[in-house]
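Below is one structure, written out as C-alpha coordinates; the observations come after it.
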Amino acid sequence: MIEKLINEIEEKYDRLNRELSDPEVMNDRRRYAELAKAHSDLQPAYDLVRRYRDAEQSLAEAEELLSGDGHAEPEMREFLREEITGSRTAMEELTEEIRAAMLEPDPNDEKDIIIEIRAGAGGDEASLFAGDLLRMYTRHAEQKRLKAGILSSSPTGMGGFKEVILEVQGKGAYSIFKYEGGVHRVQRIPVTESGGRIHTSTATVAVMPEAEDVEVEIDPADVRVDIFRSSGPGGQSVNTTDSAVRLTHVPTGLVVSMQDEKSQLQNKVAAMKVLRARLYEMKIAEQQKELADARKSMVGTGDRSQKIRTYNFPQGRVTDHRVGLTLHKLDAILQGDLDDFTDALAAKDRAEQLQASGV
(Lines give C-alpha, C1' and ligand atoms only; values in the text may rest on other atoms or scores of the structure.)
Protein backbone atom coordinates (compact mmCIF):
# COMPACT_ATOMS: atom_id res chain seq x y z
CA MET A 1 0.00 0.00 0.00
CA ILE A 2 2.72 2.51 0.94
CA GLU A 3 4.73 1.68 -2.20
CA LYS A 4 1.72 2.50 -4.36
CA LEU A 5 1.19 5.80 -2.53
CA ILE A 6 4.88 6.71 -2.83
CA ASN A 7 4.86 5.98 -6.57
CA GLU A 8 1.80 8.20 -7.00
CA ILE A 9 3.50 11.05 -5.13
CA GLU A 10 6.66 10.74 -7.24
CA GLU A 11 4.71 10.58 -10.49
CA LYS A 12 2.55 13.58 -9.57
CA TYR A 13 5.60 15.59 -8.48
CA ASP A 14 7.42 14.84 -11.75
CA ARG A 15 4.32 15.71 -13.78
CA LEU A 16 3.92 19.05 -12.00
CA ASN A 17 7.59 19.86 -12.64
CA ARG A 18 7.15 19.13 -16.35
CA GLU A 19 3.98 21.22 -16.60
CA LEU A 20 5.54 24.16 -14.75
CA SER A 21 8.38 24.12 -17.31
CA ASP A 22 5.98 24.12 -20.26
CA PRO A 23 6.12 27.52 -22.09
CA GLU A 24 2.37 27.43 -22.72
CA VAL A 25 1.68 27.00 -19.01
CA MET A 26 4.17 29.73 -18.10
CA ASN A 27 2.25 32.14 -20.34
CA ASP A 28 -1.05 31.25 -18.66
CA ARG A 29 -0.77 33.08 -15.33
CA ARG A 30 -3.87 31.52 -13.80
CA ARG A 31 -2.92 27.96 -14.76
CA TYR A 32 0.67 28.51 -13.65
CA ALA A 33 -0.50 29.80 -10.25
CA GLU A 34 -2.75 26.74 -9.77
CA LEU A 35 0.09 24.33 -10.63
CA ALA A 36 2.58 26.23 -8.48
CA LYS A 37 0.24 25.94 -5.49
CA ALA A 38 -0.29 22.23 -6.13
CA HIS A 39 3.49 21.79 -6.34
CA SER A 40 3.99 23.71 -3.08
CA ASP A 41 1.29 21.67 -1.33
CA LEU A 42 2.89 18.41 -2.48
CA GLN A 43 6.46 19.40 -1.58
CA PRO A 44 6.31 18.30 2.13
CA ALA A 45 5.06 14.83 1.15
CA TYR A 46 7.67 14.55 -1.61
CA ASP A 47 10.46 15.48 0.84
CA LEU A 48 9.28 12.65 3.11
CA VAL A 49 9.30 10.28 0.13
CA ARG A 50 12.92 11.18 -0.65
CA ARG A 51 13.85 10.39 2.96
CA TYR A 52 11.95 7.10 2.70
CA ARG A 53 13.84 6.19 -0.48
CA ASP A 54 17.16 6.99 1.22
CA ALA A 55 16.29 4.74 4.16
CA GLU A 56 15.14 2.05 1.74
CA GLN A 57 18.46 2.20 -0.11
CA SER A 58 20.45 2.10 3.14
CA LEU A 59 18.48 -0.97 4.21
CA ALA A 60 19.11 -2.77 0.92
CA GLU A 61 22.85 -2.01 1.00
CA ALA A 62 23.22 -3.13 4.63
CA GLU A 63 21.31 -6.37 4.00
CA GLU A 64 23.43 -7.10 0.92
CA LEU A 65 26.67 -6.53 2.78
CA LEU A 66 25.56 -8.62 5.75
CA SER A 67 24.46 -11.57 3.62
CA GLY A 68 27.38 -11.43 1.17
CA ASP A 69 30.35 -11.39 3.53
CA GLY A 70 30.29 -14.31 5.90
CA HIS A 71 33.84 -13.57 7.05
CA ALA A 72 33.24 -9.95 8.17
CA GLU A 73 34.48 -8.92 11.58
CA PRO A 74 31.89 -9.23 14.41
CA GLU A 75 32.00 -5.46 14.94
CA MET A 76 31.13 -4.85 11.28
CA ARG A 77 28.31 -7.39 11.37
CA GLU A 78 26.90 -5.72 14.50
CA PHE A 79 27.17 -2.32 12.79
CA LEU A 80 25.26 -3.63 9.77
CA ARG A 81 22.55 -5.15 11.97
CA GLU A 82 22.10 -1.76 13.71
CA GLU A 83 21.96 -0.06 10.32
CA ILE A 84 19.23 -2.48 9.21
CA THR A 85 17.21 -1.91 12.39
CA GLY A 86 17.58 1.86 12.13
CA SER A 87 16.56 1.92 8.46
CA ARG A 88 13.49 -0.22 9.09
CA THR A 89 12.43 1.98 12.01
CA ALA A 90 12.89 5.10 9.89
CA MET A 91 10.80 3.61 7.08
CA GLU A 92 7.99 2.71 9.49
CA GLU A 93 7.93 6.21 10.93
CA LEU A 94 8.11 7.83 7.50
CA THR A 95 5.27 5.62 6.28
CA GLU A 96 2.93 7.19 8.86
CA GLU A 97 4.21 10.69 8.13
CA ILE A 98 3.67 10.25 4.39
CA ARG A 99 0.16 8.93 4.90
CA ALA A 100 -0.68 11.88 7.16
CA ALA A 101 0.86 14.37 4.71
CA MET A 102 -1.44 13.13 1.93
CA LEU A 103 -4.65 13.74 3.87
CA GLU A 104 -6.84 16.46 2.43
CA PRO A 105 -6.37 19.63 4.50
CA ASP A 106 -9.41 21.21 6.10
CA PRO A 107 -10.38 24.01 3.67
CA ASN A 108 -11.34 26.20 6.62
CA ASP A 109 -8.06 25.90 8.54
CA GLU A 110 -6.59 29.22 7.40
CA LYS A 111 -9.78 31.23 7.92
CA ASP A 112 -10.63 33.88 10.47
CA ILE A 113 -13.25 32.73 12.97
CA ILE A 114 -16.22 33.71 15.07
CA ILE A 115 -16.34 32.24 18.59
CA GLU A 116 -19.68 32.38 20.39
CA ILE A 117 -19.64 31.74 24.14
CA ARG A 118 -22.92 31.36 26.01
CA ALA A 119 -23.56 30.77 29.70
CA GLY A 120 -25.36 27.48 30.26
CA ALA A 121 -26.64 25.81 33.40
CA GLY A 122 -25.58 27.42 36.66
CA GLY A 123 -26.93 30.96 36.73
CA ASP A 124 -24.43 33.65 37.76
CA GLU A 125 -21.64 31.11 38.09
CA ALA A 126 -22.18 30.02 34.47
CA SER A 127 -21.93 33.63 33.28
CA LEU A 128 -18.69 34.10 35.24
CA PHE A 129 -17.32 30.93 33.65
CA ALA A 130 -18.24 32.30 30.22
CA GLY A 131 -16.06 35.29 31.10
CA ASP A 132 -13.22 32.94 32.08
CA LEU A 133 -13.44 31.22 28.71
CA LEU A 134 -13.44 34.57 26.92
CA ARG A 135 -10.21 35.57 28.66
CA MET A 136 -8.68 32.14 28.02
CA TYR A 137 -9.37 32.36 24.29
CA THR A 138 -8.25 35.98 24.06
CA ARG A 139 -4.92 35.15 25.71
CA HIS A 140 -4.46 32.04 23.57
CA ALA A 141 -5.02 34.19 20.47
CA GLU A 142 -2.41 36.68 21.71
CA GLN A 143 0.09 33.84 22.26
CA LYS A 144 -0.47 32.73 18.67
CA ARG A 145 -0.11 36.32 17.43
CA LEU A 146 -3.69 36.49 16.29
CA LYS A 147 -5.95 39.51 16.59
CA ALA A 148 -8.97 39.03 18.86
CA GLY A 149 -11.84 41.47 19.38
CA ILE A 150 -15.32 41.36 20.87
CA LEU A 151 -18.08 41.80 18.31
CA SER A 152 -20.98 41.64 20.74
CA SER A 153 -21.54 40.97 24.43
CA SER A 154 -24.31 40.69 27.00
CA PRO A 155 -22.55 41.35 30.32
CA THR A 156 -24.02 40.61 33.72
CA GLY A 157 -23.84 42.71 36.86
CA MET A 158 -21.30 40.33 38.47
CA GLY A 159 -18.73 40.70 35.70
CA GLY A 160 -19.67 37.68 33.62
CA PHE A 161 -21.47 37.28 30.32
CA LYS A 162 -24.77 35.77 29.28
CA GLU A 163 -23.33 35.70 25.77
CA VAL A 164 -20.23 37.08 24.09
CA ILE A 165 -19.15 36.87 20.45
CA LEU A 166 -15.43 37.04 19.73
CA GLU A 167 -13.77 37.50 16.34
CA VAL A 168 -10.27 36.06 15.88
CA GLN A 169 -8.28 37.07 12.80
CA GLY A 170 -4.97 35.76 11.49
CA LYS A 171 -3.32 32.91 9.63
CA GLY A 172 -4.58 29.53 10.79
CA ALA A 173 -7.11 30.90 13.28
CA TYR A 174 -9.63 28.12 12.61
CA SER A 175 -7.01 25.36 12.83
CA ILE A 176 -5.95 26.70 16.24
CA PHE A 177 -9.43 26.98 17.77
CA LYS A 178 -11.60 24.47 15.89
CA TYR A 179 -11.49 21.83 18.64
CA GLU A 180 -12.94 24.21 21.26
CA GLY A 181 -16.55 23.85 20.11
CA GLY A 182 -18.79 22.09 22.62
CA VAL A 183 -20.00 22.23 26.21
CA HIS A 184 -17.37 23.21 28.78
CA ARG A 185 -18.04 22.30 32.41
CA VAL A 186 -16.63 23.96 35.51
CA GLN A 187 -16.57 22.55 39.05
CA ARG A 188 -15.74 25.07 41.78
CA ILE A 189 -17.00 26.86 44.88
CA PRO A 190 -18.82 30.02 43.74
CA VAL A 191 -17.93 33.33 45.39
CA THR A 192 -21.57 33.59 46.51
CA GLU A 193 -21.50 30.17 48.21
CA SER A 194 -21.15 30.55 51.97
CA GLY A 195 -21.28 26.82 52.73
CA GLY A 196 -18.21 25.93 50.72
CA ARG A 197 -20.07 23.54 48.42
CA ILE A 198 -18.77 22.76 44.97
CA HIS A 199 -21.14 23.73 42.17
CA THR A 200 -21.16 22.51 38.58
CA SER A 201 -21.88 24.99 35.80
CA THR A 202 -21.54 24.99 32.05
CA ALA A 203 -20.90 27.26 29.11
CA THR A 204 -21.37 26.45 25.44
CA VAL A 205 -18.76 27.38 22.83
CA ALA A 206 -19.34 27.49 19.06
CA VAL A 207 -16.41 28.00 16.70
CA MET A 208 -17.33 29.06 13.16
CA PRO A 209 -15.08 29.89 10.19
CA GLU A 210 -15.86 33.26 8.67
CA ALA A 211 -17.45 32.84 5.25
CA GLU A 212 -16.58 34.79 2.14
CA ASP A 213 -19.26 36.27 -0.09
CA VAL A 214 -18.63 33.56 -2.70
CA GLU A 215 -19.22 30.81 -0.12
CA VAL A 216 -22.51 32.08 1.25
CA GLU A 217 -24.77 34.13 -0.96
CA ILE A 218 -27.18 36.32 0.99
CA ASP A 219 -29.97 37.96 -0.95
CA PRO A 220 -30.49 41.42 0.59
CA ALA A 221 -34.23 40.91 0.10
CA ASP A 222 -34.03 37.95 2.52
CA VAL A 223 -32.63 40.07 5.37
CA ARG A 224 -34.87 42.28 7.49
CA VAL A 225 -32.97 45.12 9.16
CA ASP A 226 -34.30 46.68 12.38
CA ILE A 227 -32.67 49.69 14.00
CA PHE A 228 -33.06 50.46 17.70
CA ARG A 229 -31.39 52.28 20.56
CA SER A 230 -28.53 50.50 22.31
CA SER A 231 -28.86 49.66 25.98
CA GLY A 232 -26.35 48.44 28.55
CA PRO A 233 -26.63 46.32 31.69
CA GLY A 234 -29.60 47.29 33.80
CA GLY A 235 -31.30 49.12 30.96
CA GLN A 236 -28.90 52.08 30.86
CA SER A 237 -28.42 53.74 27.49
CA VAL A 238 -25.12 53.07 25.76
CA ASN A 239 -25.51 56.07 23.48
CA THR A 240 -28.16 58.55 22.51
CA THR A 241 -28.64 57.48 18.89
CA ASP A 242 -30.48 54.62 17.25
CA SER A 243 -27.30 52.72 16.32
CA ALA A 244 -28.06 49.14 17.38
CA VAL A 245 -28.88 46.76 14.53
CA ARG A 246 -30.88 43.54 14.37
CA LEU A 247 -30.66 41.37 11.25
CA THR A 248 -33.25 38.67 10.62
CA HIS A 249 -32.58 36.16 7.86
CA VAL A 250 -36.16 35.44 6.88
CA PRO A 251 -35.67 32.05 5.09
CA THR A 252 -33.91 30.47 8.09
CA GLY A 253 -35.20 32.59 10.97
CA LEU A 254 -31.64 33.35 12.15
CA VAL A 255 -31.44 36.59 14.16
CA VAL A 256 -28.27 38.56 14.92
CA SER A 257 -28.21 41.71 17.05
CA MET A 258 -25.25 44.08 17.46
CA GLN A 259 -24.93 47.16 19.62
CA ASP A 260 -21.32 47.33 20.83
CA GLU A 261 -20.05 49.58 18.04
CA LYS A 262 -20.64 53.32 18.03
CA SER A 263 -22.20 53.65 14.61
CA GLN A 264 -25.12 51.96 12.92
CA LEU A 265 -22.93 51.02 9.95
CA GLN A 266 -20.28 49.37 12.14
CA ASN A 267 -22.94 47.35 13.95
CA LYS A 268 -24.50 46.31 10.65
CA VAL A 269 -21.12 45.14 9.28
CA ALA A 270 -20.41 43.16 12.46
CA ALA A 271 -23.89 41.61 12.45
CA MET A 272 -23.50 40.58 8.81
CA LYS A 273 -20.20 38.84 9.64
CA VAL A 274 -21.90 36.76 12.31
CA LEU A 275 -24.94 36.03 10.15
CA ARG A 276 -22.75 34.89 7.28
CA ALA A 277 -20.71 32.65 9.62
CA ARG A 278 -23.88 31.07 11.06
CA LEU A 279 -25.28 30.41 7.60
CA TYR A 280 -21.96 28.89 6.56
CA GLU A 281 -22.11 26.69 9.67
CA MET A 282 -25.55 25.47 8.59
CA LYS A 283 -24.17 24.75 5.14
CA ILE A 284 -21.37 22.67 6.63
CA ALA A 285 -23.85 20.78 8.82
CA GLU A 286 -25.95 19.88 5.81
CA GLN A 287 -22.91 18.55 3.97
CA GLN A 288 -21.92 16.47 6.98
CA LYS A 289 -25.36 14.88 7.16
CA GLU A 290 -25.03 13.83 3.53
CA LEU A 291 -21.59 12.33 4.16
CA ALA A 292 -22.10 10.07 7.16
CA ASP A 293 -18.58 8.65 6.90
CA ALA A 294 -16.89 12.04 6.67
CA ARG A 295 -14.67 13.37 9.41
CA LYS A 296 -16.70 14.88 12.25
CA SER A 297 -16.25 18.56 12.98
CA MET A 298 -16.74 20.45 16.23
CA VAL A 299 -18.83 22.99 14.33
CA GLY A 300 -22.35 22.27 13.24
CA THR A 301 -22.60 18.80 14.75
CA GLY A 302 -24.29 17.17 17.72
CA ASP A 303 -20.97 17.28 19.58
CA ARG A 304 -22.08 20.52 21.21
CA SER A 305 -24.58 18.66 23.33
CA GLN A 306 -21.77 16.69 24.94
CA LYS A 307 -19.44 17.87 27.69
CA ILE A 308 -16.09 18.02 25.96
CA ARG A 309 -14.00 19.38 28.83
CA THR A 310 -14.18 19.74 32.62
CA TYR A 311 -12.34 22.41 34.62
CA ASN A 312 -12.04 21.23 38.24
CA PHE A 313 -10.85 24.09 40.47
CA PRO A 314 -10.52 22.23 43.82
CA GLN A 315 -8.13 19.73 42.24
CA GLY A 316 -6.49 22.18 39.84
CA ARG A 317 -7.04 19.92 36.85
CA VAL A 318 -8.62 20.06 33.42
CA THR A 319 -9.84 16.96 31.57
CA ASP A 320 -10.68 16.76 27.88
CA HIS A 321 -13.12 13.87 27.60
CA ARG A 322 -12.68 13.37 23.85
CA VAL A 323 -9.10 12.16 24.22
CA GLY A 324 -9.10 11.25 27.92
CA LEU A 325 -6.32 13.75 28.63
CA THR A 326 -6.08 15.27 32.13
CA LEU A 327 -3.64 18.09 32.87
CA HIS A 328 -2.93 19.38 36.36
CA LYS A 329 -2.25 22.97 35.36
CA LEU A 330 -5.59 24.72 35.56
CA ASP A 331 -4.14 28.21 36.05
CA ALA A 332 -1.88 27.95 32.99
CA ILE A 333 -4.76 26.67 30.85
CA LEU A 334 -7.02 29.54 31.89
CA GLN A 335 -4.15 31.84 30.87
CA GLY A 336 -4.39 30.44 27.35
CA ASP A 337 -2.08 27.40 27.44
CA LEU A 338 -4.19 25.11 25.23
CA ASP A 339 -1.49 23.57 23.03
CA ASP A 340 -1.45 20.16 24.76
CA PHE A 341 -5.18 19.72 24.16
CA THR A 342 -5.01 21.01 20.58
CA ASP A 343 -2.12 18.68 19.71
CA ALA A 344 -3.83 15.63 21.22
CA LEU A 345 -7.13 16.38 19.45
CA ALA A 346 -5.39 17.04 16.12
CA ALA A 347 -3.55 13.70 16.42
CA LYS A 348 -6.83 11.92 17.13
CA ASP A 349 -8.40 13.71 14.19
CA ARG A 350 -5.60 12.62 11.83
CA ALA A 351 -5.82 9.02 13.03
CA GLU A 352 -9.55 8.94 12.34
CA GLN A 353 -9.03 10.47 8.90
CA LEU A 354 -6.37 7.89 8.04
CA GLN A 355 -8.62 5.06 9.15
CA ALA A 356 -11.54 6.43 7.14
CA SER A 357 -9.47 7.18 4.03
CA GLY A 358 -7.76 3.80 3.82
CA VAL A 359 -4.57 5.55 2.64
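The values are calculated or read from the model by the stated rules, or taken from the named source; none is laboratory data. Keep in mind the model is a prediction, meaning the values are calculated, not measured. Methodologically, a virtual Cβ is constructed for each residue, glycine included, from the backbone with ideal geometry; neighbour enumeration extends over all protein chains shown.
Each row is one residue, and each column tells you yes or no for (1) in a helix (DSSP H, G or I); (2) farther than 28 Å from A100 by Cβ; (3) aromatic (F, W, Y); (4) within 27 Å of the chain's Cα centre (by Cα).
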site	(1), (2), (3), (4)
K37	yes, no, no, yes
L42	yes, no, no, yes
Y52	yes, no, yes, no
A62	yes, no, no, no
S67	yes, yes, no, no
E78	yes, yes, no, no
E83	yes, no, no, no
G86	yes, no, no, no
Task: Matching option when the condition is surrounded by 14 or more Cβ atoms within 10 Å (Cβ to Cβ), in contact with an Asp or Glu (Cβ under 6 Å, 6 or more places away or on another chain), at pLDDT below 90 and closer than 30 Å to R229 by Cα, among A277, A244 - done: A277
Task: Residue that is modelled with the highest pLDDT [pool: residues in the range 297-320 that are in a loop (DSSP other than H, G, I, E, B), surrounded by 15 or more Cβ atoms within 10 Å (Cβ to Cβ) and not small (G, A, S)] - done: F313
TODO: Among the numbered conditions (1) exposed (fewer than 11 other Cβ atoms within 10 Å of the Cβ); (2) more than 14 Å from I98 (Cα to Cα), tell me where M1 comes up short.
DONE: (2)
- [ ] Kindly indicate whether any position in the range 114-130 is part of a helix (DSSP H, G or I), out of contact with any helix residue (DSSP H, G or I) (no Cβ under 7 Å at 6 or more places or on another chain), assigned by TED's automatic domain parsing to the domain that holds T342 and closer than 26 Å to G172 by Cβ.
- [x] yes
Open item on the list: Residues that are of a type outside the set (F, W, Y), closer than 18 Å to T342 by Cα and under 13 Å from the mean Cα position of the chain (by Cα), at least 3 per element: which strands (runs of 3 or more DSSP E) completely within the range 160-224 meet that?
Closed with: 199-209
Open item on the list: Among the listed residues R53, R118, R99, identify the single one that is within 30 Å of L20 (Cα to Cα) and surrounded by 16 or more Cβ atoms within 10 Å (Cβ to Cβ).
Closed with: R99
Task: Residue list for the range 325-346, filter: free of Cβ contacts under 8 Å to residues at least 12 places away in the same chain and of a type in the set (A, V, I, L, M) - done: A332
